[in-house]
Amino acid sequence: MNDAHFNTEIGSDLSRAIEILNEGNLVAIPTETVYGLAGNGLNESSILKIFEAKNRPFFDPLILHIGNLEMLNQLVSNIPESCSRLIQKYWPGPLTVILPKKDVVPDLITSGSDYVAIRMPNHELTLQLLNSISFPLAAPSANPFKYVSPTMAMHVYQQLQGKIPYILDGGNCKIGIESTIVSFMGDDIKVQRLGGIALEEIQQEIPDAILANQPEDHPVAPGQLKHHYAPGCKLIPLENSSLWNLSSTIGSNNGDESSALNISDNWPDSNSLKYPKHLYDIKALNENEKIGAILFESAQKSETETMLKNLGFSMDRIQWFVLSESGNTAEAAQNLFSTLRKLDNEQLQWAIFRWAPEKELGLAINDRLKKAQYLPK
Ligand code: TXA
Ligand code: MG
């Protein structure tokens with residue numbers, strides 16, 4: 001593989017982006033979810049450059065991005081009626097569908113699977129770009145493998161500088177969390193990844209759609225790897241995550257807090273499983289070291305202060321981050337990844353966090369937090 005070094009530019013010059021992509025090179029592109037690292041999705045050498053720049057393993061397939069439905073028909077062999085309905089309602093938007101691929105889609109894109117993931121992003125600049133080229137764009141999130149996804153051009157620059165020639169700057173991503181992935185395989189309709197469209201909305205349109213078990217060792221959608229989206233700062237939930245089981249609470253929980261999220265009156269209790277043991281790793285650290293605390297909403301602050309004080313933490317050590325003052329799940333999703341990056345920018349080594357409510361985009365937020373959390377070996 002080549003070791004090309006680029007003088008990475010940031011700009012909003014569409015014709016420059018088109019030229020670079022037509023030459024087979026990569027451009028980071030804005031979308032409403034997160035920035036993508038894009039290359040010609042039908043050209044193997046461009047696809048290889050994506051894997052190389054991201055340091056991504058070949059078993060993790062890529063989403064093809066399209067600007068019109070004609071392109072969809074060129075790439076997939078069958079579109080079930082329920083999929084058409086979903087597409088009609090949510091495209092362009094934060095929805096990725098997995099459908100049977102046609103031969104024109106390289107195996108490198110799908111990691112050998114007969115199914116390909118496709119989405120039409122809702123970002124004006126990128127839609128213009130997609131409709132100015134003759135091929136779909138393969139675009140994973142524009143972050144090094146396993147790190148937090150970028151939601152602004154500068155995030156991409158900080159991590160991929162030198163590895164790509166151009167970053168198309170389209171401002172801050174409005175959704176801030178990746179697309180919801182729905183697979184249509186035979187009669188099974190499964191939400192493979194929670195994302196920018198809430199599970200409730202998908203199920204309203206397709207009542208049969210179920211949330212796929214989140215496989216960990218041999219994932220269908222390897223973004224579902226157990227450890228993903230992780231910042232350098234070690235993240236620890238203030239409530240024990242082992243009690244927080246996403247799949248078992250879906251459907252049985254209409255937005256009221258599940259027992260997993262309730263703190264018992266006599267908490268903390270050293271025999272209880274309600275908080276993670278490794279909270280004590282933090283306590284053992286140098287007393288002067290700052291600790292981050294990520295709240296879903298401001299209303300959690302006083303309760304969280306009490307919990308931390310009960311655990312023996314001095315409030316002077318705590319640096320607070322709030323995902324949404326008012327507790328709006330969409331706003332919190334939009335702020336999630338940039339908040340995780342802030343922890344690293346502030347050089348915090350440890351942070352505790354509170355789970356989002358298990359409804360709306362709170363489910364996707366919790367999915368990302370679950371994967372970003374620190375798991376001691
Ligand atoms: O919002 C998004 O979807 C962003 C923006 C850039 O569009 N893209 C994104 O791509 O999140 P990436 O590569 O970071 O995550 C795509 C996920 C991965 O978990 C991958 O394994 C899964 O989609 N995926 C892609 N193609 C697949 C396929 N053919 N079958 C199953 N899973 C697939
Ligand atoms: Mg990604």
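The values are calculated or read from the model by the stated rules, or taken from the named source; none is laboratory data. Values in this document were obtained by computation on a predicted structure and should not be read as measured data. No Cβ is skipped: glycine too gets one built from the backbone with ideal geometry, and neighbour counts run over all protein chains shown.
For residues that are closer than 23 Å to VAL191 by Cα and of a type in the set (Asp, Glu), scanning just the stretch 322-377, find the one that is modelled with the lowest pLDDT. By that ranking, first place goes to GLU358. Out of the stretch 170-191, which residues are away from ligand 2 (no atom under 16 Å from the Cβ) and either of a type in the set (A, V, I, L, M, F, W, C) or closer than 22 Å to ILE365 by Cα (or both)? Scanning the stretch 170-191 gives GLY171, ASN172, LYS174, VAL182, SER183, PHE184, MET185, ILE189, LYS190, VAL191.
Sub-8 Å Cβ pairs linking a first residue in the stretch 309-331 that is on the phi > 0 side of the Ramachandran plot to a second residue that is among the hydrophobic types (A, V, I, L, M, F, W, C) and crowded, with 16+ Cβ neighbours inside 10 Å, at least 6 apart or interchain, are GLY327/PHE296, ordered by first then second residue. Counting only residues that are buried (at least 18 other Cβ atoms within 10 Å of the Cβ) and more than 16 Å from ligand 2 (Cβ to nearest atom), the stretch 9-40 holds 6 of them.
With respect to (1) farther than 21 Å from ASN172 by Cα; (2) in contact (Cβ under 8 Å) with a residue 60 or more places away in the chain; (3) charged (D, E, K, R), the lone exception for ARG341 is condition (1). Among the residues of the stretch 138-148, the one identified as part of a loop (DSSP other than H, G, I, E, B) and of a type in the set (S, T, N, Q) is ASN143.
Within the stretch 62-137, which helices (runs of 4 or more DSSP H) (wholly inside it) include 2 or more residues that are touching a residue at least 60 places away in the same chain (Cβ under 8 Å) and closer than 22 Å to SER45 by Cα?
69-75, 107-110, 124-130
In the condition set (1) surrounded by fewer than 22 Cβ atoms within 10 Å (Cβ to Cβ); (2) near ligand 1 (Cβ under 9 Å from one of its atoms), PRO140 is compliant with all but (1). Right, GLY176: modelled with pLDDT of 95 or more, crowded, with 22+ Cβ neighbours inside 10 Å and on the phi < 0 side of the Ramachandran plot or not? For GLY176, the condition - modelled with pLDDT of 95 or more, crowded, with 22+ Cβ neighbours inside 10 Å and on the phi < 0 side of the Ramachandran plot - is not met.
Against the definition (within 14 Å of ligand 1 (Cβ to nearest atom), within 15 Å of the chain's Cα centre (by Cα) and either crowded, with 18+ Cβ neighbours inside 10 Å or part of a helix (DSSP H, G or I) (or both)), how does GLN159 come out, yes or no?
no
Evaluate the following for LEU64: is it surrounded by fewer than 16 Cβ atoms within 10 Å (Cβ to Cβ), at pLDDT 95 or above and of a type in the set (A, V, I, L, M, F, W, C)? Taking the combined requirement at face value, the residue does not satisfy it.
Is it the case that some residue within the stretch 353-371 is surrounded by 16 or more Cβ atoms within 10 Å (Cβ to Cβ), touching an Asp or Glu at 6+ places or on another chain (Cβ under 7 Å) and under 23 Å from TYR280 (Cβ atoms)? Checking the stretch 353-371: at least one residue is surrounded by 16 or more Cβ atoms within 10 Å (Cβ to Cβ), touching an Asp or Glu at 6+ places or on another chain (Cβ under 7 Å) and under 23 Å from TYR280 (Cβ atoms). Here ILE109, ILE167, ILE98 are screened, and the one residue that is within 21 Å of the chain's Cα centre (by Cα), away from ligand 2 (no atom under 16 Å from the Cβ) and surrounded by 21 or more Cβ atoms within 10 Å (Cβ to Cβ) is ILE167. Suppose we filter LYS101, LYS146 for residues that are in contact with an Asp or Glu (Cβ under 8 Å, 6 or more places away or on another chain), within 11 Å of ligand 1 (Cβ to nearest atom) and either farther than 13 Å from HIS65 by Cβ or of a type outside the set (Ser, Thr, Tyr) (or both); which single one remains? Result: LYS101 is the single residue among LYS101, LYS146 that is in contact with an Asp or Glu (Cβ under 8 Å, 6 or more places away or on another chain), within 11 Å of ligand 1 (Cβ to nearest atom) and either farther than 13 Å from HIS65 by Cβ or of a type outside the set (Ser, Thr, Tyr) (or both). Looking across the stretch 178-217 at every residue that is hydroxyl-bearing (Ser, Thr, Tyr) and not in a loop (DSSP other than H, G, I, E, B), the one that is nearest to ASN143 (Cα to Cα) is identified as THR180.
The test for being within 16 Å of ligand 2 (Cβ to nearest atom), within 25 Å of GLY196 (Cα to Cα) and among the aliphatic types (A, V, I, L, M) holds for ILE63.
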